[in-house]
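Take a look at the structure set out below.
The values are calculated or read from the model by the stated rules, or taken from the named source; none is laboratory data. Predicted model, so just to flag it, every value in this text is computed and none were measured. Here the Cβ positions follow ideal geometry from the backbone for every residue, glycine too, while neighbour counts run over all protein chains shown. In case anyone asks, the SASA skips ligands and DNA or RNA and just uses the protein heavy atoms, side chains included. Shrake-Rupley method; radii C 1.70, N 1.55, O 1.52, S 1.80 Å.
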Amino acid sequence: MKDVNAGIALCENCLFDSVKERAYRVFREELRPDDRVLVALSGGKDSSLALYLTKMYSDDVGLEVLALTVDEGTFYRKASIQIAKKLASSLGVEHVVVSMEDVHGISIEELHHKLPKGHKRSACTYCGVLRRQTINAAARKLGATAVVTGHNLDDVVQTGLMNLIRGDVNALSKLFVHERKLKEGLIPRVKPLKMVYEREVAALVLALKIPAHLGKCPYTQGMRIGIRRTIDHLEEEFPGSKLRALEVLEAMAKSYKEEVKLRRCEICGEPTTSRLCKACQMKKELSEILNKSLLKPLELRL
Ligand code: SF4
């Protein structure tokens, strides 16, 4: 295996040490000694490795860790939930599963099948927003003070560039934790794998035999696919491009000083910058298209 930083071949042990060091650097900078950490665990390779490393770090420094899986209701998620349960139980971590249908009144499977052909947004776009809100609301209800996600270097650079292309500096600034102020119910998100290439995550999960679902969600769609292709091509031509892009994106995000004023969504009460949060704006749109009332406060049965 190749060390991405030094360009040298690594054995499994050295790859593990190198990835662990990068993850621990993030933990040391972004977690506090009294944190109660919720790991967003899909059961896929990235979040499974994130949970594995978070548990290891928490055992070293004495943090509380629990895991949460959002069941979007897709046939794909069924298998990964079983794997997530197995991993959490083998690590001795409390694991909670929350259903998107219970919380928002619709599953992504139903949405995918009922959206009219040629509709401007895919089920995946709705899913991303509803899932993010579910994780934040569940984290708050579970008393978590930080949410760990499995986003790797490839994911973070793709999202950062998508924000740049859309001209959404506010979203770009929220991609990285730079101050630990709890803003109006928004729980800070920590990404221990943000300096770890996706292929390193895959190699390590296999080498360590960490239970993980290795498939891809069949509903992935949108701008991300094209961006991913372009960035992969750049990395092949100019090795190290992704790491350099991460540094620049992070510096840009940190230099964004504008204080975003948060308020409560008039429908669900979740934090937002406008009258209605993004999830309720989307559910309003869906209620009209699907002729089904989805606008109501979140129902979190935890
Ligand atoms: Fe949801 Fe899209 Fe992720 Fe699938 S890829 S789980 S549809 S956000």
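Would you pick out the residues in the range 182-226 that are outside any loop (DSSP other than H, G, I, E, B) and within 16 Å of the ligand (Cβ to nearest atom)? Selection gives R189, E198, H213, M223, R224, I225, G226.
Of the residues G128, G143, the single one that is at pLDDT 95 or above and either near the ligand (Cβ under 10 Å from one of its atoms) or open to solvent by 20 Å² or more (accessible area, probe 1.4 Å) (or both) is G143.
Under the condition of being open to solvent by 40 Å² or more (accessible area, probe 1.4 Å), outside any helix (DSSP H, G or I), within 15 Å of the ligand (Cβ to nearest atom) and farther than 20 Å from S48 by Cβ, the residues counted in the range 85-125 number 2. Of all residues in the range 224-247, those satisfying the criterion of being among the aliphatic types (A, V, I, L, M) and either open to solvent by less than 60 Å² (accessible area, probe 1.4 Å) or closer than 14 Å to M162 by Cα (or both) are I225, I227, I231, L243, A245, L246.
For the range 46-72, the tally of residues that are out of contact with any strand residue (DSSP E or B) (no Cβ under 7 Å at 6 or more places or on another chain) and within 14 Å of the ligand (Cβ to nearest atom) stands at 2. In this structure, is D155 within 28 Å of E64 (Cα to Cα) and acidic (D, E)? So D155 fits the description; yes.
Count, please, the residues in the range 250-292 that happen to be hydroxyl-bearing (S, T, Y), outside any helix (DSSP H, G or I) and modelled with pLDDT of 90 or more.
First, the residues of the range 250-292 that are hydroxyl-bearing (S, T, Y): 255-256, 272-274, 287.
Within this subset, residues satisfying the condition of being outside any helix (DSSP H, G or I) are 256, 272-274.
Adding the requirement that they be modelled with pLDDT of 90 or more leaves 272, 274.
Residues that pass the stated criteria total 2.
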